[in-house]
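Trainee: Sharing a structure, written as structure tokens. Questions coming.
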Amino acid sequence: MTPPDEAHPNAFAQQARDALQDEVLTGALRRATDLFGERRRAAIATVPDWQELREHARKVKAHTLAQLDHYLERFAANATAAGATVHWARDGDEACAIVTRIAAERSASRLVKSKSMATEEIGLNEALAARAREPVETDLGEWIIQLAGETPSHIIVPAIHKTRQQIGRLFVDKLGIPPTDDPDALAAAARTRLRAHFAAADLGISGVNFGVAETGTILILENEGNARMTTTLPKTHVAVMGIEKVIPRFDDLEVFLRLLPRSGTGQHLTTYQSLLTGTDPGGEGPDELHIVLLDNGRAKIAVDRVMRETLACIRCGACLNACPVYQSVGGHAYGSVYPGPIGAILTPQLQGLEQAAALPFASTLCGACKDVCPVAIDIPSLLLELRRRAVDGTPGQRPVRLRRSERIAFGLWSWFARGPRRFRFAARLARIAQRVPLLSRLLPPLSAWTRTRELPTAEGRAFRDRRRGGNR
Ligand code: SF4
């Protein structure tokens, strides 16, 4: 089924078409997603109990999400006892207001930030910039995106859509360096600039990969050391944590640390793992740690027994790399900070199905996302459920209208599928029709599919005839 564009405010179809015309973009995407896919396969081949690990992680997440309020309260109490200040934010506006107030009360004007999808989701940079406190992104990919005035197109590789030649031109333009596309020279230029920002920063903002209820600890994973500097050099550290990031016990981290880096970047472990429990008065690190617990629609998903599984996501990005749609169109086509298969199920629930109704349809339902997901989220089933809700409507949400051609096609399909004689008749018609290739080129919605592909021709006898007459 294709997204019913005229009824959907989301512009996925047009943005996807535009992306497909961009050969530089599609080439960069293909190379990067292939590379991450290969690295992932090599990394998980070293773990004989991979499937057991996935199952274990799935159970931990399911258990936690079923008692989210309990574990969040426990996390907040233990983080507070360790010296952190915990804030609760119902939505993005509240979270932005909390961070802005913390910065204003400390007269902090030089802010640095490490990579965080939750802060992208709530538009924190824009909110702080409106009060002359825009943070400098310190993850290399995020910094490139910030310099380019763009949004990330991948949840762990924000600049995946950019070639090194494009980044070289950007640095010449924005930093005034001599022209180069040498990755080492580009990284060195970035390092010099970012170090100056770290040295001067009075407030650091980060995301959180996991929050441990048992100890109030937060864990931040990264490869560049920028998150560690962001969370230790400035006097104040503010961590924005989606409420679904909580896990019950410290020991649970072991399983997620084995799954996440292997699934995301194909590493056995990320270069840095920062475990932060409260503050250490008089010791090293910041004087204050503020943890902003962000709901922004998550609590509503947690009480939906069918869709709750969405919140098990540990943001590894593997489903993006494996998805044939994402591989072809990249992240910006989704019009959301969460692209790919996880974005197609998460965004409509966070923003409302009416706002992003096209996204659950932006999938071939091939199942590659489910196969690679380290917490075994059944993304195809959740996509189907969201499609059903989009078409049937839900309380407070009008049903989206399918294209007329789709309504006719599915109406016919439904009529033919209601009895064996009708079905046989339809199969006979289809076999005749496939001898006239022009039909599939002219008849919508098939014509949209055959615009860029050949319709395969069914070979030999139908399965029903072979079964009845023997497999000769
Ligand atoms: S849905 Fe699964 S594969 Fe996709 S980002 Fe989340 S954890 Fe990774």
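We did not get these values from a lab; they are worked out from the coordinates using the rules stated. Just so it is clear, the model here is predicted, and its values are computed rather than measured. All Cβ positions, glycine included, derive from the backbone under ideal geometry; neighbour counts span all protein chains shown.
Trainee: Determine, for ARG106, ARG315, the number of other Cβ atoms within 10 Å of each Cβ, and report the residues in order from fewest to most.
Mentor: Taking fewest neighbouring Cβ atoms as first place, the list is ARG106, ARG315.
Trainee: So if I place +1 on the C-beta of Lys and Arg and -1 on the C-beta of Asp and Glu, and nothing else carries charge, what would the dipole magnitude of the stretch 193-348 be about its Cα centre? I want it in debye, nearest 20.
Mentor: 480
Trainee: Pull out a ≥ b ≥ c, the square roots of the eigenvalues of the alpha-carbon gyration tensor of the stretch 404-469, then state rounded if a/c is under 1.5, prolate if not and a/b is larger than b/c, and oblate in the remaining case.
Mentor: The shape class here is oblate.
Trainee: On to the next question. Over the Cα atoms of the stretch 362-418, what Rg and Dmax result, in angstrom?
Mentor: Calculated on Cα positions, Rg and Dmax stand at 14.4, 40 Å.
Trainee: Working from the alpha-carbon coordinates of the stretch 287-410, get Rg over Rh, Rh being the Kirkwood radius.
Mentor: 1.00
Trainee: While we're looking at this one, here's another question. When TYR272, TYR338, TYR71, TYR326 are ordered from fewest to most other Cβ atoms inside 10 Å of their Cβ, what list results?
Mentor: TYR272, TYR71, TYR338, TYR326
Trainee: Could you state the per residue volume, in Å³, of the convex hull enclosing the Cα atoms of the stretch 334-472?
Mentor: Convex hull volume per residue, Cα atoms: 170 Å³.
Trainee: What translational D, rounded to a whole number of µm²/s, comes out for the stretch 52-299 from Stokes-Einstein when the hydrodynamic radius is the Kirkwood one over Cα pairs, at 20 °C and 1.002 mPa s?
Mentor: Result for D is 115 µm²/s.
Trainee: Nothing charged except the Cβ atoms of Lys and Arg (+1) and of Asp and Glu (-1): what's the magnitude of the dipole of the chain about its Cα centre? Round to the nearest 20 debye.
Mentor: Here the size comes out at about 3160 debye.
Trainee: Follow-up question, since we're still on this one. To test your reading of the geometry: what angle, between 0 and 90 degrees and rounded to tens, separates the Cα axis of helix 50-66 from the longest principal axis of the chain?
Mentor: 70
Trainee: Next question, about the same structure. Nearest 5 percent is fine: what portion of the DSSP beta bridges confined to the chain is antiparallel?
Mentor: Percent antiparallel among DSSP bridges in the chain is about 30.
Trainee: Rank these for me by crowding, MET117, MET229, MET241, going from fewest to most other beta carbons within 10 Å.
Mentor: MET117, MET229, MET241
Trainee: Taking Cα atoms of the chain, Rg/Rh with Kirkwood Rh, to two decimals?
Mentor: Rg divided by Rh gives 1.02.
Trainee: Which value, in debye to the nearest 20, describes the size of the charge dipole of the stretch 404-469 about its Cα centre when Lys and Arg Cβ atoms bear +1, Asp and Glu Cβ atoms bear -1, and nothing else is charged?
Mentor: With Lys and Arg at +1 and Asp and Glu at -1, about 360 debye.
Trainee: Tell me, Kirkwood radius of the stretch 78-194 from alpha-carbon pair distances, in Å?
Mentor: For the stretch 78-194, inverting the mean 1/r across all distinct Cα pairs yields 15.8 Å.
Trainee: Something else about it: Can you classify the stretch 212-280 as rounded, prolate or oblate using the Cα gyration tensor, where a ≥ b ≥ c are the square roots of its eigenvalues, rounded means a/c under 1.5, and otherwise it's prolate if a/b beats b/c and oblate if not?
Mentor: The shape class here is oblate.
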